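Engineer: Can you read through this structure? Questions will come right after.
Quick note: the coordinates plus some simple rules give every number you see, no bench work behind them. All of these numbers come straight from a predicted model, not from anything done at the bench. Cβ placement follows ideal geometry from the backbone for every residue including glycine, while neighbour counts extend to all protein chains displayed.
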Amino acid sequence: MSICNSNIGLQLKNYILEKDLTRDKSPVYVSAILNIPMSNGYDVDYYQDIHTALLDEFNDKITRQISYDCALATVSVLVVLMGVLLYTTNFILTIATFVCMMLSIGFAFFVYIFVCNINFFPFLNLLVIVISIVIGFDDLFLLVNHYRHYKSFYANGEAMINALEHCGKGMFVTSATTAAAFVCNLQSNILILKCFGVFAGLTIIANYIFAVTALPSLILLTDKINCKSQKLIARCMIFNRIRIFFVYHIPNVIYNYRKVIVFLAWLLLIISTLITVKYITLPQNNPMQLLRSDHLFEWFSEYNSDLFDYSYQGNRQMNIYVIWGVKPAQKVPLLDPRKFGEFTTDNTFKIDSLKDLQQFKDTLLYSKAVVNYKSATYDLPLWIEEFTEFVEEKNGTNFVLQDLLEEYVQYTPTFKFPDDYSMSIKDGPLFDHDNNFISYFIILPTHHSLSFSYKDIASFMITVRKLESKLRNKDEYSNPIVSPIPFISKMADLMNVIMVNTMVSVLISVVICMLVIFATTKDVKLAVISIWTIIIVVMGVVAFVLLLGWTINVVEAVIIVITIGLSFDYTLHVAVCFKSTPKYLSIPERISRTLELIFTPIFLSALTSALAGVVLLFSGTQPFYEIGVFLGTMASISFGGAVFGFCACVSYTN
């Protein structure tokens, strides 16, 4: 027992071994720690060299991994280009379309930087390239398919006019709803989501302008009028059989088994909702994951606090700043993290008499009592206490706070503003550049041990809100700024708003989508069915990725936003196409006519997106990997929802 209670035993228990060794489990994790002895600083060079070498090695690995993933992304794009080339059999059209899509991204970047004057461009904005490729080639498939259909009856120019007249409405609806889904993120409190929403929305608008102007011209200019060879896609027996099956057999299956399909769709929606409610969680320790979850660096960042204690002689607590005399920054730019707004003072903060000074001292002591601060060694008096005694000794002197402060600090210096991890209470006045007193601060260590676990931070934030509420209810000096240290504050704010902001974006997007569909089709039933199908698709995708163990951090929030934007496309194309079919036809015939016109473009779009996603599954960085999972999942569920769910439900409208 004496060995267990010795320093060696305590260090083993709290630093080296896991918290819980009582359960039979495998593997057993052991932590390795380099002990740094107390020294004058020169003896730490050895450990600093080790730290630098390890950090350089880690950065080199990340650089190599990102380079590898960029190569995979290039292969993924080539897979999509190959699919487009097989369908169009027109190399010039394929490459020209790709170049124009890249130019649309460049145009969006120009507007983003120089017109919107946004100087912050987060790394996640590069995911817009995926969106541009998916939507751009989706429009290409759609327009080429309709152009070829009408080319059998009209000359090239008239065929293109009819093709644009027929599918232009669908292209507008999908572009408008997708852009709206992204722009909705301007309501988010998360800067990265704001910037991503603006850039993605601008890219969608640029893509649409390209699709209705340059793309028809490219198709006409590169079209072979007297082409002797049939298109390769027409020669493909497998594709022809799939197309014939979906166009001529599936409509009857959908109509005859529509009750079963609708029931299964509702069941999928209910199950997906239950899975989402049960499994949607926030990351506990690592809100911004760069590498894959199984990478040792990311794994340790997420689970080290669960496995190891690290508490022996760990006397640092989470601190709270309380500042009187200043206001929160004004006119803070919403889309530039490098600008902090205007500094303003709080003119209501005044200490004009000894009585005011004593009341303010009592307020600081009250703040200390609220957070239940208990010093591990001894507790020095607050600076304000000593200053109050000094003023009381000068009883009878005219009370001019500025003069008293200047006199007192000549022989009793103030504390400099402490570091974030100060282990003792510190307080003192703050002066401007002209040595005028403007505000007063106190930093309060709490009973919460320093931790970067969101669970611990959430508990700590309860104490912060409790202190803020108590101070707000006081009669005097009730308007301070109460804040945790910056890192804790950023993580707490991020985790508090990320879920709510994402859900609000989803709701706004769905409402806008319904309004756009109704304005386009003038059919309430069709709009409701489209929204119902889209909700099933979104919930299905979210539930699937949650079952894979995803947590909702910044990257996942961006991907959910992309899911919302792209999940509209297939359903809306089918809805607009179904609306254009003659109403005198029977429901199976209308579904068959719809699939005859729309099956090829949405099937090829889904297939190329899924194949591109499969390539990215081999990525080593989490954003690229998750985009791969998203592309495959979104394409599959969106295609199934549009063809089966929407068509089965719409069969009840006649």
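Engineer: Based on the Cβ-Cβ distance of GLU392 and LYS350, what FRET efficiency does E = 1/(1 + (r/R0)^6) give at R0 = 22 Å, to the nearest 0.05? Don't jump to the answer; show the numbers that get you there.
Structural biologist: Values: r = 19 Å, r/R0 = 0.87.
Given R0 = 22 Å and the Cβ-Cβ separation, E is 0.70.
Engineer: Also, quick follow-up: Around ALA635, with a cut-off of 13 angstrom between Cβ atoms, what is the net charge of the other residues, counting Lys and Arg +1 and Asp and Glu -1? Walk me through the numbers on the way to the answer.
Structural biologist: Details: positive: none; negative: ASP138, ASP569.
Every neighbour counted, the sum reads -2.
Engineer: Follow-up question, since we're still on this one. Restricted to Cα positions, what overall size does region 461-595 have along the principal axes? Three whole-Å values, descending.
Structural biologist: Largest first, region 461-595 extends 77, 36, 17 Å along its Cα principal axes.
Engineer: Right, another one. When the Debye formula is applied to the Cα atoms of region 315-484, each taken as the same point scatterer, what base-10 log of I(q)/I(0) results at q = 0.13 Å⁻¹?
Structural biologist: -0.70
Engineer: Still on this structure: What distance in nm lies between label points placed 7 Å from Cα along the C-beta direction at GLU298 and TRP266?
Structural biologist: According to this spin-label approximation, the distance is 4.0 nm.
Engineer: Let me ask another. Can you list the aspartates and glutamates whose alpha carbon is less than 18 Å from that of LYS327, not counting same-chain residues fewer than 8 positions off?
Structural biologist: Qualifying aspartates and glutamates at Cα under 18 Å: GLU342, ASP346, ASP432, GLU468, GLU476.
Engineer: Oh, and also: Give the calculated FRET efficiency between ASN119 and ARG241 to the nearest 0.05, with a Förster radius of 56 Å applied to their Cβ-Cβ distance.
Structural biologist: Values: r = 54 Å, r/R0 = 0.96.
Efficiency at R0 = 56 Å is approximately 0.55.
Engineer: Distance from the Cα centre of region 495-529 to that of region 542-585, in angstrom?
Structural biologist: If we compute the Cα centre of each part, the gap is 11 Å.
Engineer: Continuing with this model, one more query. Roughly speaking, what is the centre-to-centre gap between region 167-208 and region 590-637 when only Cα atoms are used, to the nearest Å?
Structural biologist: 20
Engineer: Next question, about the same structure. Most exposed first by the Cβ proxy, i.e. fewest other Cβ within 10 Å, how do TRP532, TRP550 rank?
Structural biologist: Details: TRP532 19, TRP550 22.
Final ranking by Cβ density, sparse to dense: TRP532, TRP550.
Engineer: Could I ask something else about it? Simple spin-label model, 7 Å along Cα-to-Cβ: SER580 to THR213 in nm?
Structural biologist: With each label placed 7 Å out from Cα toward Cβ, I get 2.3 nm.
Engineer: A follow-up question, please. Any chance you could run the full-extension gain for PHE340 through TYR652? It's 0.36 nm times the residue separation minus the Cα-Cα distance, nm to one decimal.
Structural biologist: 106.7 nm
Engineer: With a 10 Å Cβ neighbour count serving as the proxy for reagent exposure, in which order, fewest first, do MET634, MET514 appear? Please list the in-between numbers first.
Structural biologist: On the way: MET634 28, MET514 17.
Exposure proxy ranking, most exposed first: MET514, MET634.
Engineer: Run the simple label-point estimate for GLU406 and ASP432 please: 7 Å along Cα→C-beta, distance reported in nm.
Structural biologist: 1.5
Engineer: Using a Förster distance of 45 Å, how high is the FRET efficiency between ILE462 and GLU589, based on the Cβ-Cβ distance and rounded to 0.05? Numbers along the way, then the final one.
Structural biologist: On the way: r = 63 Å, r/R0 = 1.39.
That gives a FRET efficiency of 0.10.
Engineer: Regarding region 124-190, what whole-number volume in Å³ per residue does the convex hull of its Cα atoms give? Mind dumping the intermediate values first?
Structural biologist: On the way: hull volume 4.9 nm³, N = 67.
So the per-residue Cα hull volume is 74 Å³.
Engineer: Please order SER592, SER580 by the number of other Cβ within 10 Å, starting at the fewest. Present the calculation step by step, with values, prior to reporting the outcome.
Structural biologist: Values: SER592 24, SER580 16.
In increasing order of surrounding Cβ atoms, one gets SER580, SER592.
Engineer: Which distance in Å, rounded to a whole number, links the C-alpha centroids of region 257-274 and region 61-83?
Structural biologist: For region 257-274 versus region 61-83, the Cα centre distance is 37 Å.
Engineer: Find how much the distance from LEU507 to TYR421 grows on full extension, using 0.36 nm per residue of separation minus their present alpha carbon separation; answer in nm with one decimal. All intermediate terms of the calculation are to be shown ahead of the outcome.
Structural biologist: On the way: separation 86, 0.36 × 86 = 30.96 nm, distance 4.06 nm.
So the chain would gain 26.9 nm between LEU507 and TYR421.
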